[in-house]
Every structure is written in C-alpha cells, then in structure tokens.
1. Step by step: first the residues of the range 71-84, then only those that are closer than 15 Å to residue 112 by Cβ and surrounded by fewer than 19 Cβ atoms within 10 Å (Cβ to Cβ), then the one that is farthest from the chain's Cα centre (by Cα). Which residue is that?
2. Restricting to the range 129-146, and then to whatever is surrounded by 12 or more Cβ atoms within 10 Å (Cβ to Cβ) and out of contact with any helix residue (DSSP H, G or I) (no Cβ under 7 Å at 6 or more places or on another chain), can you tell me which residue is farthest from residue 51 (Cα to Cα)?
3. Looking at (1) in contact (Cβ under 8 Å) with a residue 60 or more places away in the chain; (2) not in a strand (DSSP E or B), find the lone condition where residue 134 falls short.
4. Between 3, 33, which is at pLDDT below 95 and either in contact with a strand residue (DSSP E or B) (Cβ under 8 Å, 6 or more places away or on another chain) or more than 14 Å from residue 146 (Cα to Cα) (or both)?
5. Could you go through the range 40-59 and let me know if any residue there is free of Cβ contacts under 8 Å to residues at least 60 places away in the same chain, within 30 Å of residue 153 (Cβ to Cβ) and either in the same structural domain as residue 12 (by TED's automatic domain parsing) or in a helix (DSSP H, G or I) (or both).
6. So residue 92 passes all but one of these: (1) touching a residue at least 24 places away in the same chain (Cβ under 8 Å); (2) over 12 Å from residue 74 (Cα atoms). Which condition number does it fail?
7. Take the conditions modelled with pLDDT of 95 or more and within 26 Å of residue 157 (Cα to Cα) and apply them to residue 16. Does it pass?
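The values are calculated or read from the model by the stated rules, or taken from the named source; none is laboratory data. Every value quoted in this text rests on a predicted model; they were computed, and no experiment measured them. No Cβ is skipped: glycine too gets one built from the backbone with ideal geometry, and neighbour counts run over all protein chains shown.
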C-alpha cells in the first residue's frame, strides 16, 4: 500500500512557517518538529527561485572517455559475475566468475565509452556535474497546526515577525 499525500497545489497553499538559506537548516527544523511528536505530514519543504548550476570539471578526451566507460562497466561486470556464481555449477569459483565479469565488463566499457564519445562529434568536449540550487527553502505548514509548530521551534507567533516598537521597519 502506497502512502498518498496532498497534491502540489494543496501543499503550496500552506502558509510559510519559516524560511532558511540552506536546505540542511530547513531539514533540521522539520527533524526538530518530528522529535517533538509534531504531526510532520502537515509540513513541506519548498525550494524557492530554483536554478541549475553546472560545474565544469575538465576536458573530455579519448582517454577519459575510455577510462570512464571502463570504470562504469567493470563494476557492472563484477555484479553480473557474482549473480552468475549463484546459479553456476559447484566446480565454478565465484571469484573466477567475478574476475571474468570484471574483465569483460571493462573491455565492453572501454569500447562503449569510445563509441559514445565518437558520436558526440566534438559538441560537448567537457565533463561536468549538475546541481539544482534554491535561493531559499521555505518550510510550509498547515494553518491549523501552525501555532504548535512555531512554539516547538521557538519562533514568534506570526510570520513575518511583527516589527518591535522603535525599529526602522515600523512606519
């Protein structure tokens, strides 16, 4: 049985409990609420102002393409060798089958890496890593349990906090 939660339009209609600059801080707030027996199914963490950041790690070359394919498929070959050893005959050694898987996987990986790189035609001659980042992370909370959540987290009773008398925010 799968757990079903509210759809995204219901989640986004919730008021903001608190905002954080880092995801780990928003996660810690939800964890604090959970540790205090708060019904966390009333919460959501929403990344605001998302952006995709791609960090270029280096130049792609024939050697790097071959090495990348080797590393990826060598592990896969070991896994296949281990799997085959479960069903192999009693005279076949698991280590031999895993070593053969490693060799065949590595060989296939080198060929696959080189062929894949050849098909790019020089259009993407670099290696990169992509990450999704947000400007801030809002913890949203259903209105009926908002007061309880704010008390547990030690926050002001309203959001955004009301200006104190004599502060520059007061008009």
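1. Quick first cut of the range 71-84, residues closer than 15 Å to residue 112 by Cβ only: 71-77, 80.
After this cut, where a residue has to be surrounded by fewer than 19 Cβ atoms within 10 Å (Cβ to Cβ) as well, the list is 71-72, 75-76, 80.
Details: 71: 22, 72: 20, 75: 22, 76: 23, 80: 27 Å.
Within the range 71-84, the match that is farthest from the chain's Cα centre (by Cα) is 80.
2. 146
3. Unmet condition: (2).
4. Values: 33 fails: at pLDDT below 95.
After ruling out the rest, the residue left standing is 3.
5. Yes, the range 40-59 contains a residue that is free of Cβ contacts under 8 Å to residues at least 60 places away in the same chain, within 30 Å of residue 153 (Cβ to Cβ) and either in the same structural domain as residue 12 (by TED's automatic domain parsing) or in a helix (DSSP H, G or I) (or both).
6. The one condition residue 92 does not meet is (1).
7. Numbers: modelled with pLDDT of 95 or more: no; within 26 Å of residue 157 (Cα to Cα): yes.
When the stated conditions are applied, residue 16 does not pass them.
Conditions tested, residue by residue: (1) surrounded by fewer than 12 Cβ atoms within 10 Å (Cβ to Cβ); (2) part of a helix (DSSP H, G or I).
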position: 69; (1), (2): no, yes
position: 86; (1), (2): yes, yes
position: 90; (1), (2): yes, no
position: 122; (1), (2): yes, no
